[in-house]
Amino acid sequence: MEQGALHGIRVIDLTTILMGPMATRMLADHGADVIRVETTIGDSTRNGLPSRHFGMSGFSLNLQRNKRSLSIDLKHAAGRQVILDLVATADVLVTNMRAAALERLGLDERAVNAVNPALIYCRANGFGSGGPYQDKAAYDDAIQAASGLAGLFTATNGRPTYVPSVVADKVTGLYVVQAVMAALIHRHNTGNGQNIEVPMFETMVSFNLVEHLRGAAFEPAEGPFGYERLLSPARRPYATADGFICLLPYSDNNYRDFFDFIGQSDLADDERFATHNARVAHTTELYDLIAEAAATKSTEIWVEFCDKASIPAAKVMELSEFANDPHLAEVGLVQVADHPTEGGYNYVRDPVIYSDSPTGLRRHAPRLGEHSAELLNELGYGAEEISALVADGVVTIASP
């Protein structure tokens, strides 16, 4: 396989659960040498079910691919020294540990910058430093609540609701990747490393306000927060004669074609629906009308018509249906691989396609400590030193 865009970049992955490991997996998919640093019992996601062997859950197979595993006790002085030795060879360190914990371990920005001034040190935290929330614990549900995302559902179904996806973790993970990439370019241009903070709370508030800042963008405000079309209870997948569909005419031409198709051409000139702003102002009436029409035809008929008319539409899919989706099969988004210990498994490739620096599966997800000895050797530790670290419980090496 060709080298990825980040070939030659070494990343220390000092993260846990999902947000950080997802971000570092993306860096690894792009060719970076990502060294996954875990405790001697491993990250909690390793032990989820189902799994074929302890410590190799479905989470691990996909979140830890293309990485090397170093299992080490960071609370031990010798373990901290190993990490500092590793820091001296690295380009990037990504962590989502709290600032106080990093300081206790001697791995805060000041300590690692002293070892490697050119390092890009990226810390993803729950709430930005300097504010009154900086020490609060943060998980995805808490950030969905605090950022207003859960509250948006009050307008649509009468009560706050969590999105059934760890969306705050994943969005913040994407920002981590963006931040690291930008910092690498900055270092290329200036020779300088830097410290980066990516707070989940601020990231998700920013994310939510892209469209919902709305009238509050003006000072003084010209209207309330919230984009009316998205907050209408009538915005929903519509029941067809045999299933459910997203049916979303959007442009003026879309609506003319739609109204013609349902035999109500006169509605195209109705003052409630003739322009985009008018349609937004009458979203609930419009979407109720679409819902009534949707029920009269099958999903297949609707999709066929919408495709011909360039109207956005899609059958509502269940996750289990992706295995038989013809488009996904043709583009090969989901690949089957053979892990040396776990056997056959499905992995989802990076969805972006590059002509010259492709992403891909370069390494299967490692077992806990699979590369501990290899990495210590690279750092100059001899066989006796490694054996002593193992005997003292500082380092774990995966058994064959």
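Among (1) part of a loop (DSSP other than H, G, I, E, B); (2) loosely packed, with under 14 Cβ neighbours inside 10 Å; (3) of a type in the set (V, I, T); (4) in the same structural domain as R46 (by TED's automatic domain parsing), which single condition is V336 missing?
Only one criterion in (1) part of a loop (DSSP other than H, G, I, E, B); (2) loosely packed, with under 14 Cβ neighbours inside 10 Å; (3) of a type in the set (V, I, T); (4) in the same structural domain as R46 (by TED's automatic domain parsing) is unmet by V336, namely (1).
Looking only at the stretch 59-99, filter to residues that are in a loop (DSSP other than H, G, I, E, B) and basic (K, R); which one of those is farthest from D392 (Cα to Cα)?
R65
Yes/no per residue for (1) in contact with a helix residue (DSSP H, G or I) (Cβ under 9 Å, 6 or more places away or on another chain); (2) in a helix (DSSP H, G or I); (3) not assigned by TED's automatic domain parsing to the domain that holds L184:
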{"site": "A101", "(1), (2), (3)": "no, yes, no"}
{"site": "N113", "(1), (2), (3)": "no, yes, no"}
{"site": "P117", "(1), (2), (3)": "no, no, no"}
{"site": "C122", "(1), (2), (3)": "yes, no, no"}
{"site": "Y133", "(1), (2), (3)": "yes, no, no"}
{"site": "A138", "(1), (2), (3)": "yes, no, no"}
{"site": "Q144", "(1), (2), (3)": "yes, yes, no"}
{"site": "R159", "(1), (2), (3)": "yes, no, no"}
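Looking only at the stretch 253-290, count every residue that is more than 35 Å from the chain's Cα centre (by Cα) and assigned to a helix (DSSP H, G or I) and tell me the total.
Residues flagged as more than 35 Å from the chain's Cα centre (by Cα) and assigned to a helix (DSSP H, G or I) within the stretch 253-290 amount to 15.
Kindly establish whether G173 is farther than 30 Å from Y287 by Cβ, more than 23 Å from the chain's Cα centre (by Cα) and in contact (Cβ under 8 Å) with a residue 24 or more places away in the chain.
So G173 does not fit the description; no.
Residues to consider are A314, A268, A294, A309; find the one that is within 19 Å of L247 (Cβ to Cβ), surrounded by 12 or more Cβ atoms within 10 Å (Cβ to Cβ) and touching a Cys at 6+ places or on another chain (Cβ under 6 Å).
Only one candidate passes the filter, namely A314.
Of the residues L267, L174, L184, which is modelled with pLDDT of 95 or more and outside the structural domain of V352 (by TED's automatic domain parsing)?
Selected residue: L267, the only one of L267, L174, L184 that is modelled with pLDDT of 95 or more and outside the structural domain of V352 (by TED's automatic domain parsing).
Does the stretch 219-231 include one or more residues that are touching a residue at least 60 places away in the same chain (Cβ under 8 Å) and on the phi > 0 side of the Ramachandran plot?
Yes - at least one qualifying residue is present in the stretch 219-231.
Considering each residue of the stretch 374-400, count those that are among the hydrophobic types (A, V, I, L, M, F, W, C), within 17 Å of K75 (Cβ to Cβ) and in contact with a helix residue (DSSP H, G or I) (Cβ under 7 Å, 6 or more places away or on another chain), and give that number.
Here the count works out to 3.
Looking at the stretch 135-149, which of its residues are of a type outside the set (A, V, I, L, M) and closer than 14 Å to K170 by Cα?
Y139, D140, D141, Q144
Just to be sure before I move on: is R187 over 22 Å from the mean Cα position of the chain (by Cα) and surrounded by 14 or more Cβ atoms within 10 Å (Cβ to Cβ) in the structure I sent?
yes
Being farther than 28 Å from A314 by Cα and at pLDDT 95 or above is the requirement here; does Q194 meet it?
Yes.
Out of L152, L107, L119, report the one residue that is under 30 Å from S232 (Cα atoms) and among the aliphatic types (A, V, I, L, M).
L152
Return yes or no: is I35 crowded, with 16+ Cβ neighbours inside 10 Å, among the β-branched types (V, I, T) and in a helix (DSSP H, G or I)?
So I35 does not fit the description; no.
The values are calculated or read from the model by the stated rules, or taken from the named source; none is laboratory data. All values reported here derive from a predicted model rather than from experimental measurement. Quick reminder, even Gly has a Cβ in these numbers, built from the backbone with ideal geometry, and neighbours come from all protein chains shown.
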